[in-house]
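Trainee: Here you go, one structure.
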Amino acid sequence: MTDTPPKALAAKALLPTGLRDLLPPDAEHEAQVVGRLLKEFHRHGYERVKPPLVEFEEGLLSGSAASLANQTFRIMDPVSQRMMGVRSDMTPQVARIATTRLRKAPRPLRLSYAGQVLRVKGSSLRQERQFGQVGVELIGPDRADADAEIILLAASALSSVGAKGISIDLTVPTLVPAVARALSLSDDDYARLRAALDHRDAAALAEAAGPHASLFLSILGASGPAPAAVERLSAVDMPDVAKAARQELADVVRLIAAAAPGLSVTIDPVEMRGFEYQTGVSFTIFARGVRGELGRGGRYRTGGADPVGEPATGFTLYTDTVLRALPGPSPVKRVLLPLGTDYADAQALRAQGWHTVAAMAVASDLAAEAKRLSCSHLLTADGPAPV
Amino acid sequence: MMSPAANDLLVLALPKGRILDEVRPLLHHVGIVPEADFDNPKSRALKFDTNLPHVKIIRVRSFDVATFVAFGAAHLGVCGSDVLMEFDYPELYTPLDLGIGKCRIAVAEPVDLSASDDPSRWSHVRVATKYPDITRRHFAARGVQAECIKLNGAMELAPNLGLCSRIVDLVSTGTTLKANGLVEIEHIADISSRLVVNRAAFKTRHGEIQGWIDRFQEAIGNAG
């Protein structure tokens, strides 16, 4: 079984941690899936932008993107003598485009993107340091219809590539902080409360929330399949300041249920991790039986706290996880053309959808040659014949 | 908006050893009966059928329970809060304290050293432990740098043989420490076993997983 390459080749083959080569047929499969997702975005009126791989550090890591600083590779630009960063997330780049070069473009502005990002460290679930992002941003409107449009688009794009068992988990990451502020929790208590909620640890929650334990336990309990959980959340007696956030969530759930009654939607009002910069309804996409998140998104403001920013919402799908939720590449019709096959005949086959592979030597057993080159068919006098 | 029928495979990860005996009554209460081989100490099997066709049990080390569940290879598990403190996997939910496997994690040192030791003067300590992360955090929180020597067992030997002066380990009765001439000098945390749940499974199979959490909750009530 072991087929060890010579030492010199092995040294050349070894890649840095978290980086890998994609080979046939996986590289083609990934490209096709990304293409189909983008096509679905395009059909919904989203137009593609393509930011560069590297930008000046100040721009790349400004505002809410500052949290990406420790995940960003830096390089010195020998030309401008300024520090540059390799993107570790494309969302801030698209928001930057919207607020700068496209500031005069009519709103609502619908943009899509696809590209690779590079991170300093992998996470425990995703060891890859380079992976693909495909997503959209909807900039301008600040209403539940925009949130619903984005969530429905994520679901329909994933179903267009054949993903099964998709489940969307909705949250409003501003709800718990609003409740905590209304109750004037100390920073320490709030930190312990957050840690308990992040792990859904009821015992730790009861301890951290003290006299307010039953309130937070009932918010924690209002999670699960959407209509029922939204009702439970509506029944919770919570401070007035948090009611707006709760209403936003209920509105979006209602719109999604009306548009896509078959879509599996859950809510989890205590889900906040990774949504620190989100200002409204946010969501995570899971697929039954698939490890990790297929994507996430939500409402934010371009430019972060900057008053010139605009309301926006969007999502990013992670191509590596999306691919895990899909069946593998489907076999293609690939036909071996014996040496000397007429060019026009080959062209005609390609026009019919065949992938053609031209033999480069005279072979005595053409069927065997076809199999050796992973062809499903061999071109005979009667046309392509399966091998 | 309901997810499809809940007869996909459900894997429950349980820790080997002492805790397993305490988990058995809970399993009985929630209605999971493992196959006979599960109780055969000579069995080499790692994966076991149960009375429920879609529920399987795997028996692994406590540290590995957390890993299997975090990566979604198992959906539910039982492991000590020591393991959860050490790894802090964001993909793990810990909805229930099962109230079993109770002990504490503590710093210990030789009795004669403790007589003259003044912890407030420490800037650096060398510690043998199975928990380098907990140890580093504990000492860093009071401004002391901890150099950890990772051991997987028999921590109590380290100070006696001059590997280091101090250890961080689980203590239940304190007899092992005493037998090795050690004394507990600092309490780090109380430990008990938790029900752990994979986050993606909780989101995508909510009714089913919440059902198991509720049953374990009842079982704790009944057992207590």
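The numbers here are math on the coordinates, done by the rules we state, and not lab data. Since we're looking at a predicted model, the values are computed, not measured. So basically every Cβ, Gly included, is an ideal-geometry build from the backbone, and we count neighbours across all protein chains shown.
Trainee: FRET efficiency for residue B:179 and residue B:28, Cβ-Cβ distance as r, R0 = 22 Å, nearest 0.05?
Mentor: Step by step, r from the Cβ atoms, then E = 0.05.
Trainee: A follow-up question, please. Measure nothing but the geometry: give the 0 to 90° angle between the long axis through the Cα atoms of A:144-160 and the longest principal axis through the Cα atoms of chain A, rounded to 10°.
Mentor: On a 0 to 90 degree scale, this one is about 30.
Trainee: Let me ask something else about it. Specify whether the C-alpha gyration tensor of the stretch A:76-167 places it in the rounded, prolate or oblate class, a ≥ b ≥ c being the square roots of the eigenvalues: rounded for a/c under 1.5, otherwise prolate if a/b is larger than b/c and oblate if not.
Mentor: oblate
Trainee: Still on this structure: Based on other C-beta atoms within 10 Å, arrange B:171, A:54 from fewest to most.
Mentor: A:54, B:171
Trainee: Looking at the square roots a ≥ b ≥ c of the eigenvalues of the Cα gyration tensor of the stretch A:22-113, which shape do they give, rounded for a/c under 1.5, prolate if a/b is larger than b/c, or oblate?
Mentor: Oblate, because a/c is 1.5 or more while a/b does not exceed b/c.
Trainee: Computed FRET efficiency, Cβ-Cβ of residue B:133 and residue B:220, R0 22 Å: what is it to the nearest 0.05?
Mentor: After rounding, the FRET efficiency stands at 0.20.
Trainee: Hey, another quick one. R0 = 41 Å: FRET efficiency of residue B:165 with residue A:189, Cβ-based, nearest 0.05?
Mentor: 0.65
Trainee: Let me ask you something else. When a/c reaches 1.5 or more, the comparison of a/b and b/c decides; with that in mind, is the stretch A:249-304 rounded, prolate or oblate per its Cα gyration tensor?
Mentor: oblate
Trainee: If you don't mind, another one. Return the percentage of antiparallel bridges among DSSP beta bridges fully within the protein assembly as shown, rounded to the nearest 5 %.
Mentor: Of the beta bridges lying entirely in the protein assembly as shown, close to 70 percent run antiparallel.
Trainee: Would you mind computing, in nm to one decimal, how far apart the modelled labels at residue A:181 and residue A:339 are, each placed 7 Å from Cα along Cα→Cβ?
Mentor: 7.7
Trainee: Taking the Cα atoms only, what angle lies between the long axis of helix B:206-223 and the longest principal axis of chain B, rounded to 10 degrees?
Mentor: Roughly 60 degrees, rounded to the nearest 10.
Trainee: Oh, and also: Relative to the first principal axis of the alpha-carbon coordinates of chain A, what is the inclination of helix A:26-43, with its axis defined by its Cα atoms, in degrees from 0 to 90 and to the nearest 10?
Mentor: It is inclined by approximately 60 degrees.
Trainee: What is the fewest-to-most order of B:131, A:277 by other Cβ atoms lying within 10 Å of their Cβ?
Mentor: Taking fewest neighbouring Cβ atoms as first place, the list is A:277, B:131.
Trainee: Under the rule of -39500 (n - 2.57) per DSSP H run of 4 or more residues, summed and divided by the residues of the protein assembly as shown, what mean residue ellipticity at 222 nm is obtained, to the nearest 500 deg cm²/dmol?
Mentor: -10500 deg cm²/dmol
Trainee: Shifting gears a bit: Figure the gain on full extension for residue B:142 and residue B:37 (residue separation times 0.36 nm, minus the Cα-Cα span) and round it to one decimal in nm.
Mentor: 32.9 nm
Trainee: Distance from a point 7 Å along Cα→Cβ of residue A:371 to each backbone N in the stretch A:318-348: keep the residues under 16 Å and list them by number.
Mentor: A:336
Trainee: Give me B:129, A:380 ranked fewest to most by other Cβ atoms within 10 Å of their Cβ, as a rough exposure proxy.
Mentor: A:380, B:129
Trainee: Just name one of A:135, A:289, A:176: the one whose Cα is farthest towards the positive end of the charge dipole of the stretch A:25-325 (beta-carbon charges, Lys/Arg +1, Asp/Glu -1).
Mentor: Sorting the options by dipole projection puts first A:135.
Trainee: Which pairs in the list A:12/A:371; A:164/A:333; A:7/A:164; B:102/B:203; A:50/A:371; A:39/A:333 are over 32 Å apart, alpha-carbon to alpha-carbon?
Mentor: Check vs 32 Å cut-off fails for A:7/A:164; A:50/A:371.
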